[in-house]
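Have a look at the structure below, then the notes.
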Amino acid sequence: MKNLLLTACASLLSTVAFAANSVVDSPNNHPYLGIRGSFDLSIPGSYHVGNASADIFENGPGIGLGLVYNIPLVANLYIEPGIDLYYNTCGIDLGDDDWDDDWDDDDWDDWDDWDDDDAPGFIKWRNHSLRKFGMRVPVQLGYHFDFTNMFRFHIFTGPVLNLGFSNDYYLTSEEVAGIRYHESGSMYSEDNGLFQMNRFDCAWRVGVGFNVQDIFIGFSGDMGMVNLVRHNHDGKLKYRENAFHFTLGYNF
C-alpha cells in the first residue's frame, strides 16, 4: 500500500511538472502561416509648428488584411514577420482656433507657400477627411503561454514599417446659393507645402493576443517614431501617427 501511494504521488508530481513546463516550453511548437484581418483606429498626434501645436487631424477607422509567418526560436519564444494592406481614414479639423498659446509669429518666417486666404473657415463642411492606402510590414518578437492544448496567450512587440501608396484629402462643403466647394489631392504632393507628408513611416508595436485552437484574437497599439512632415524646416514642423488594432485571424 505504501509503495502504491509513493508511486501515485510521484506520478502526480511528474504530471504537474510536465504541465508547468509545457506552459512555457510547449513540445507542440512548429512554424505556421496565418491570415490576419484587423479593424484599425488611426490616432493622429498633434501637429507642431515651432513652439505651437494643434490637433489638426482627428481619429478615424480603417481596416487591414494580410499574412504572418510564425517561427519558433527557443522554448515558446518566437519571431513573426508579416505583411498586410490597409485602408485607413481620419478627419481633418478645419477650425481656426485650435493653436495653443505658445504660438510665435516668427515660426512662419520664410514660409512663402502658406496663404491665409486659402483657408475658407467660413464654409460649412460636409466632408473633410484623409483616406490612406498602403502596406505594413510588422516584425514581432513574442512569447506565448500554453495553458491548455486549446488556449494559448501571447505577448509581443516589435517595429512596423509602413509604406503609403496614397494619402488623399477630400474637402466638400454644403451647397450654398447653388455653389458647393470641393477640393481633393494627395498629401504626398509638393503642392501641400507645410503639410506635405512622407510615404515612409516606422512605428513600435506592443500587443497581446490569444489562440483558441487555430483562431487568433489580438489587441495592439502602434506608436509612431518618424516625423512624417517631409519639409520640416530644421525640425520646426513635427507630426507623428499612432494606431490601435483589433485583430482576428486563422492559423494554418
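The values are calculated or read from the model by the stated rules, or taken from the named source; none is laboratory data. None of the values given here were measured: they were computed from a predicted structure. In case anyone asks, the SASA skips ligands and DNA or RNA and just uses the protein heavy atoms, side chains included. Shrake-Rupley method; radii C 1.70, N 1.55, O 1.52, S 1.80 Å.
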Original post:
Residues with amide H under 5 Å of ASN242's amide H, sequence separation 5 or more or different chain, H placed in the peptide plane at 1.01 Å from N; which?
Top reply: ILE43, GLY45, GLY224
Original post:
Along the stretch 146-154, what does the Karplus equation 6.51 cos²θ - 1.76 cosθ + 1.60 (θ = phi - 60°) give for ³J(HN,Hα), rounded to whole Hz, x for Gly and Pro?
Top reply: 8, 6, 9, 5, 9, 10, 9, 9, 10
Original post:
When all protein chains stay in place, what accessible area (Å², nearest 10, 1.4 Å probe) is found for MET225?
Top reply: 90
Subject >> Segment ASN251-ASN51, extension gain: residue separation times 0.36 nm, minus the distance between their alpha carbons >> reply: 67.2 nm
